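Chemist: Okay, handing you the structure first.
Only the coordinates and a few stated rules stand behind these numbers; no lab work does. Source: prediction; values computed, not measured. Here the Cβ positions follow ideal geometry from the backbone for every residue, glycine too, while neighbour counts run over all protein chains shown.
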Amino acid sequence: MRRAVFDTTVLISAFLRPDGLSDELLRLAAAQKFALVLAPEIIAETWRKLLGSTRLRARYQYSDERAHLFCRGLLRISEIIRDVPPITGVVRDPNDDMIVACAVHGSAQHLVTRDKDLLSIGAYQNVTMTPPEQFRMLLRQDA
């Protein structure tokens, strides 16, 4: 079974666009079509961005409770990797290093992202940086 880490951009997209591609991928994770691997720090960052981004709040209407329930739901459909050993200097943004570390420590084959910095790496150790569209194609090939 494929193992994948989603970065916060993909998780936030799933929250903001129900029935979009990122939401579809989360539903596939819930149906155990692949193993979604997350660290508590990724979920916490998603929660902080959903609650604290004035740009998102101005563009999309949602309650704090809905954001909270979404993040709690991630705990139910994910394999949570705790105490992830840090990796530094892989990506320009240190927050992205934590996401890469989760993927490496969680034995994920894919880090699903739209982040150009992450995608520009291509791969790190045994983890391939994969846009959501490509990840969906891989899942279709597995079916």
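Chemist: Quick one: grab the alpha carbon gyration tensor of the stretch 9-100, order the square roots of its eigenvalues as a ≥ b ≥ c, and give me rounded if a/c is under 1.5, else prolate or oblate depending on whether a/b is larger than b/c.
Modeler: It comes out oblate by the Cα gyration axes.
Chemist: Moving on. Would you mind pulling out the separation of the Cα centroids of the stretch 1-17 and the stretch 87-115, in Å?
Modeler: With the stretch 1-17 and the stretch 87-115 each reduced to a Cα centre, they are spaced 13 Å.
Chemist: Which residue fluctuates most in the GNM of the chain (Cα springs below 10 Å): Arg55, Arg17, Arg66?
Modeler: Of Arg55, Arg17, Arg66, the most mobile in the Gaussian network model is Arg55.
Chemist: At 0.36 nm per residue, and after removing the present C-alpha to C-alpha distance, how many nm does the segment from Arg82 to Tyr60 gain when stretched out fully?
Modeler: 4.8 nm
Chemist: In percent, how large is the relative contact order of the stretch 3-142, given Cα pairs closer than 8 Å and 6 or more residues apart?
Modeler: Answer for the stretch 3-142 is 29 percent.
Chemist: Most exposed first by the Cβ proxy, i.e. fewest other Cβ within 10 Å, how do His68, His110, His105 rank?
Modeler: His68, His105, His110
Chemist: How would Met137, Met129, Met1 line up from fewest to most surrounding beta-carbon atoms within 10 angstrom?
Modeler: By the 10 Å Cβ count, ascending, the order reads Met1, Met137, Met129.
Chemist: Looking at the chain, send over the antiparallel percent of its DSSP beta bridges, to the nearest 5.
Modeler: 15
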